[in-house]
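Each value in this text was obtained by applying a stated rule to the coordinates, not by laboratory testing. This one's a predicted model, so the numbers in the text were calculated from it and none came from an experiment.
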Amino acid sequence: MIERKQEGGRLSVRVESLQQIVRFDIDTDRCCGCKVCIRNCQENVWQWDEEHKHAWPKYADECVRCYICELKCKGNCFEIVPEEVLRHDPLYSEPIFGKGE
Ligand code: SF4
Ligand code: SF4
């Protein structure tokens with residue numbers, strides 16, 4: 001489940017999955033459009049928003065929290081905030097798809 005909230009120049013993208021809850025806090029006014037985040041994300045999380053002219057993590061549910069995009073963004077436009085991680089620990093929890101499958 002991905003929530004996208006825009007308030008002025010602040011965009012918040014929050015993703016809640018089985019494994020984690022992660023939030024991207026983006027200052028869209030600072031985005032210069034260099035697309036470094038898009039080019040460097042191996043999971044193709046970042047996409048270009050042509051209408052609003054800034055990058056945004058459209059596929060945030062694919063994020064593996066390597067933080068390469070955050071390190072490479074020279075404009076320091078965003079922060080990745082892990083709210084909850086390792087929600088389902090495969091070593092100690094029931095199998096996701098049930099026993100015997
Ligand atoms: S790296 Fe930063 S400045 Fe460049 S497009 Fe991405 S968010 Fe915008
Ligand atoms: S933290 Fe890694 S996987 Fe997540 S959006 Fe950034 S580059 Fe992509």
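Descriptive notes on the structure:
- Rg/Rh, computed from the Cα trace of the chain with Rh as the Kirkwood radius, has the value 1.05.
- GNM top mover of GLU51, GLU79, GLU16 - the chain, alpha-carbon springs below 10 Å: GLU51
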